[in-house]
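Reading through the structure tokens given below for one structure.
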Amino acid sequence: MGMSASQARFLSLTARKTNVEYEGQQINQQRTALSNESSNYYSQLTSMTVPTPPVSADFMKVTYSFENGTETNVVTSLIATPQTRETGVYMLNYVQEIPVDTMVTNGTNVVSKILKPGRTDDKNHDSYTYQIGNKYLETTFDDTKSVNDIKQHLINTGINEADVAKMSDSELVNKVLLEEQYRKLAEERYGQDVWYVRYQKDSTGAYEPIYYNAKELGNADTNEKTTLTLSGMKAYMYGQATETKEIKNAKAKVEQDSSGRYISIVVFANEEDSIGTYYKLTTSTEEDEAAYNDAMNQYFYDKAQYDKQIQEVNAKIEIIQVQDKNLELKLKQLDTEENAIQTEMDAVKKVISKNVESSFKTFNA
């Protein structure tokens, strides 16, 4: 290779090396920018608040109540008025819980629903007879029937024949009169004038009438092979239910203990009542389920949002990592190329050096 050619080649290699170094600097700048962007995302992750589930202990509320005979009164709010500081009288809202004797649901039973002999399925409840086990359900009894009819009715509907035999005529009549009284209570509360009855023993050994709604029985779907209803039929019996009544804007004074809890209340019947009625307050602590459920729903929402943000940030970081990896590979390729250029430049330098040395030897000769 001649002197001029070697010089030209060396200049070309120098230019290529400079360009490779420039490209490497550009890649390093891009990697620095990606690193800063990734750092910002990691800072965003560390600054995010992790949602925490609510603790039930934080949602306990104190409930105050007072008794008035069989009636329980639960205080819902006690509100101070502009006159409270002067008079000590608050505005009181409370709910009266009053126990009443009525018919109540008593679980369910699977019932056999069978067409009476000679009847067709005309959707009329009177076309069917019903059984639980081997005991019939019969419509509530007409007390105008004979004593023997009453006895048979009670035996058919579940009372042991020996126990029926021990009853006096008046006891038998009273039994079906009570049966009809309970039926009327069921009609008042649940509607439907036709009810079926059967008897079962209670924990004391006494027979209690259990009622079934004729409409519910008539509409029940049954298994064609077993004749059993596909779902349990509601049973009804005499018991106690609680009726509620809300009292608003009553006037009351309260007494507190040293811890600030209310221990007694005086409720005024009206504006003219200056004495009021004194009641001792009962305190109970229970979970505010509505507030706890609201807090738990908020937690689920916040956690879903948090998880979504985490996924979005992680996805962006993964993209940056892929981009940085590609730049790193490109930088390694440039390093390899630069090393190859440098090796070739070193070889050209040697050629140029030999050419110079040869030239000087010629002139010296």
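The values are calculated or read from the model by the stated rules, or taken from the named source; none is laboratory data. Computed from a predicted structure; not experimentally measured. Here the Cβ is made from the backbone with ideal geometry for all residues, glycine too, and neighbour counts use every protein chain on show.
Residue 14 - would you say it is surrounded by 11 or more Cβ atoms within 10 Å (Cβ to Cβ), under 30 Å from residue 300 (Cα atoms), in contact (Cβ under 8 Å) with a residue 12 or more places away in the chain and polar (S, T, N, Q)?
Numbers: surrounded by 11 or more Cβ atoms within 10 Å (Cβ to Cβ): yes; under 30 Å from residue 300 (Cα atoms): no; in contact (Cβ under 8 Å) with a residue 12 or more places away in the chain: yes; polar (S, T, N, Q): yes.
No; evaluated as a whole, the condition is false for this residue.
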The residue that is farthest from residue 140 (Cα to Cα), considering only those in region 162-192 that are free of Cβ contacts under 8 Å to residues at least 40 places away in the same chain and of a type in the set (Lys, Arg), is 166
Could you say whether any residue in region 79-89 is under 34 Å from the mean Cα position of the chain (by Cα) and of a type in the set (S, T, N, Q)?
no
Among the residues of region 306-340, what is the count of those that are under 26 Å from the mean Cα position of the chain (by Cα) and free of Cβ contacts under 8 Å to residues at least 40 places away in the same chain?
3
Would you be able to say whether some residue in region 20-37 is more than 60 Å from the chain's Cα centre (by Cα) and in contact (Cβ under 8 Å) with a residue 60 or more places away in the chain?
yes
Exactly one of these conditions fails for residue 211: (1) assigned to a strand (DSSP E or B); (2) over 35 Å from the mean Cα position of the chain (by Cα); (3) within 23 Å of residue 149 (Cβ to Cβ). Give me its number.
(2)
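A quick yes/no check of all residues on (1) in contact with a Ser or Thr (Cβ under 7 Å, 6 or more places away or on another chain); (2) part of a strand (DSSP E or B); (3) over 22 Å from residue 86 (Cα atoms):
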residue: 252; (1), (2), (3): no, yes, no
residue: 263; (1), (2), (3): no, yes, no
residue: 286; (1), (2), (3): yes, yes, yes
residue: 290; (1), (2), (3): no, no, yes
residue: 296; (1), (2), (3): no, no, yes
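Do you know which of the residues in region 214-230 that are of a type outside the set (Asp, Glu) and surrounded by fewer than 13 Cβ atoms within 10 Å (Cβ to Cβ) is nearest to the chain's Cα centre (by Cα)?
Within region 214-230, the subset of a type outside the set (Asp, Glu) is 214-215, 217-220, 222-223, 225-230.
Okay, now just the ones that are also surrounded by fewer than 13 Cβ atoms within 10 Å (Cβ to Cβ), so 219, 223, 225-226, 230.
Working: 219: 33, 223: 35, 225: 40, 226: 38, 230: 29 Å.
For region 214-230, the residue satisfying everything is 230.
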Considering (1) outside any strand (DSSP E or B); (2) more than 30 Å from residue 289 (Cα to Cα); (3) acidic (Asp, Glu), say which one residue 58 fails and leave the rest.
(2)
Among the residues of region 146-158, what is the count of those that are surrounded by 14 or more Cβ atoms within 10 Å (Cβ to Cβ) and part of a loop (DSSP other than H, G, I, E, B)?
2
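From the list 110, 100, 89, exactly one residue is within 30 Å of residue 246 (Cα to Cα), surrounded by 15 or more Cβ atoms within 10 Å (Cβ to Cβ), in contact (Cβ under 8 Å) with a residue 40 or more places away in the chain and among the aliphatic types (A, V, I, L, M). Which is it?
Of 110, 100, 89, the one residue that is within 30 Å of residue 246 (Cα to Cα), surrounded by 15 or more Cβ atoms within 10 Å (Cβ to Cβ), in contact (Cβ under 8 Å) with a residue 40 or more places away in the chain and among the aliphatic types (A, V, I, L, M) is 89.
What do you reckon, is residue 25 assigned to a helix (DSSP H, G or I), modelled with pLDDT of 85 or more and closer than 30 Å to residue 303 by Cβ? Can you show your working first?
On the way: assigned to a helix (DSSP H, G or I): yes; modelled with pLDDT of 85 or more: yes; closer than 30 Å to residue 303 by Cβ: no.
So residue 25 fails the test.
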Determine which member of the set 175, 245, 166 is closer than 30 Å to residue 269 by Cα and modelled with pLDDT of 90 or more.
245
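Condition check ((1) more than 30 Å from residue 265 (Cβ to Cβ); (2) modelled with pLDDT of 90 or more) across all residues:
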{"residue": "90", "(1), (2)": "no, yes"}
{"residue": "101", "(1), (2)": "no, no"}
{"residue": "113", "(1), (2)": "yes, no"}
{"residue": "117", "(1), (2)": "yes, no"}
{"residue": "120", "(1), (2)": "yes, no"}
{"residue": "124", "(1), (2)": "yes, no"}
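Got a sec? Which of 86, 67, 37 is acidic (Asp, Glu) and under 30 Å from residue 334 (Cα atoms)? Working first, answer last.
Numbers: 86 fails: under 30 Å from residue 334 (Cα atoms); 67 fails: under 30 Å from residue 334 (Cα atoms).
Being acidic (Asp, Glu) and under 30 Å from residue 334 (Cα atoms) holds for just one of 86, 67, 37, which is 37.
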Hits in region 187-206 - residues which are of a type in the set (Gly, Ala, Ser) and closer than 21 Å to residue 156 by Cα
205, 206
Of the conditions (1) in contact (Cβ under 8 Å) with a residue 12 or more places away in the chain; (2) more than 30 Å from residue 57 (Cβ to Cβ), residue 225 fails just one. Which one is it?
(1)
Whichever residue in region 259-276 is in contact (Cβ under 8 Å) with a residue 40 or more places away in the chain and farther than 27 Å from residue 58 by Cβ and, among such residues, is surrounded by the most Cβ atoms within 10 Å (Cβ to Cβ):
265
How many residues of region 49-75 are exposed (fewer than 15 other Cβ atoms within 10 Å of the Cβ), among the small types (Gly, Ala, Ser) and touching a residue at least 12 places away in the same chain (Cβ under 8 Å)? The answer is 1
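Of all residues in region 1-11 being in contact (Cβ under 8 Å) with a residue 40 or more places away in the chain and not charged (D, E, K, R), which is surrounded by the fewest Cβ atoms within 10 Å (Cβ to Cβ)?
Filtering region 1-11 for residues in contact (Cβ under 8 Å) with a residue 40 or more places away in the chain gives 1-3, 6-7, 9-10.
From what's left, not charged (D, E, K, R): 1-3, 6-7, 10.
Details: 1: 14, 2: 9, 3: 14, 6: 20, 7: 15, 10: 17.
Looking at residues that are in contact (Cβ under 8 Å) with a residue 40 or more places away in the chain and not charged (D, E, K, R), I get 2.
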